[in-house]
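Peer 1: Starting off with a structure, shown below.
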Amino acid sequence: MKRLLFGVVVLAALSAGTTAQTPANHETDFLTRIRRLTVEGRRAGEGYWSPDGKRLVFQSEREPGNPFYQIYALDLTTGDTKRISPGYGKTTCSFFRPGTDEIEFASTHHDPKSKQYQQEELDFRASGKTRRYSWDYDPEFEIYTYAEKTGKYTRLTNARGYDAEGSYS
């Protein structure tokens, strides 16, 4: 019993000493001038800076009739936002391609059932039912580029399976 009591006292003393020596880290120690950049829509995420730091490409669920993320580019100088993806299907993981006018992203818009899935999700939400958020590893995701000057989409992958989350280095 004495050994147990001694162990508890030593452990308490060590813990107290460690706590007193460890500084408290707060967000303000690391982040200043925080500003929310996306305010429209139900949700937004996965934002990535352009190489020159003047734009942000991100995914957002913001258009009526489409309950899935689409890809947008935000001009930080003007505040203008432009949809990059086609406007239907699911999208994710977008990046600016350095030295070009291209933006890479993953999408399921080529899937013939993409509009059907959108309607099914809209109907589910209209029913009042809810479900916990989880990421959909849709096997129809493929990687595309969008050329801003021409508006042309180029499909880079073409294999069934979760082709997403590509990037440039």
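Each value in this text was obtained by applying a stated rule to the coordinates, not by laboratory testing. Keep in mind that this is a model prediction, so the values were computed, not measured. FYI the Cβ positions are ideal-geometry reconstructions off the backbone, even for glycines, and counts take in every protein chain you see.
Peer 1: Positive end of the dipole of region 39-169, charges at C-beta (+1 Lys, Arg; -1 Asp, Glu), about the Cα centre: which of Ile103, Tyr144, Gln118 has its Cα farthest in that direction?
Peer 2: With unit charges placed on the Cβ atoms, the residue in question is Gln118.
Peer 1: Pop a pseudo-label 7 angstrom from the Cα along the beta-carbon direction at both Trp135 and Thr154 and give the gap in nm to one decimal.
Peer 2: The modelled label-to-label distance comes out at 2.6 nm.
Peer 1: May I ask you to order 125-133, 67-75 by the average number of other C-beta atoms within 10 Å around their residues, highest value first?
Peer 2: Most protected by this proxy first, the peptides run 67-75, 125-133.
Peer 1: Now for a different question. Quote to one decimal, in nm, the extra length available between Leu31 and Leu76 on full extension: 0.36 nm per residue of separation minus the C-alpha distance between them.
Peer 2: Separation in residues times 0.36 nm, less the Cα-Cα distance, equals 14.3 nm.
Peer 1: Quick one: which residues, 5+ away or cross-chain, put their amide H under 5 Å from the amide H of His109? H built at 1.01 Å from N.
Peer 2: For His109, whose amide H was placed from the backbone, the distant partners under 5 Å are Lys90.
Peer 1: Using 0.36 nm per residue of separation minus the Cα-Cα distance, give me the extension gain between Asp52 and Leu122 in nm, one decimal.
Peer 2: Value of the extension gain: 21.4 nm.
Peer 1: From the mean inverse distance of alpha carbon pairs (Kirkwood) and the Cα radius of gyration, derive Rg over Rh for region 33-169.
Peer 2: 0.97
Peer 1: Convert each backbone phi in region 106-112 into a coupling constant with the Karplus relation 6.51 cos²θ - 1.76 cosθ + 1.60 (shift: θ = phi - 60°), then list the ³J(HN,Hα) values in order as whole Hz, x for Gly and Pro.
Peer 2: Along region 106-112, the couplings run 9, 8, 10, 4, 6, 5, x Hz.
Peer 1: Return the Rg/Rh ratio of region 73-126 with Cα-based radii and a Kirkwood Rh.
Peer 2: Rg divided by Rh gives 1.09.
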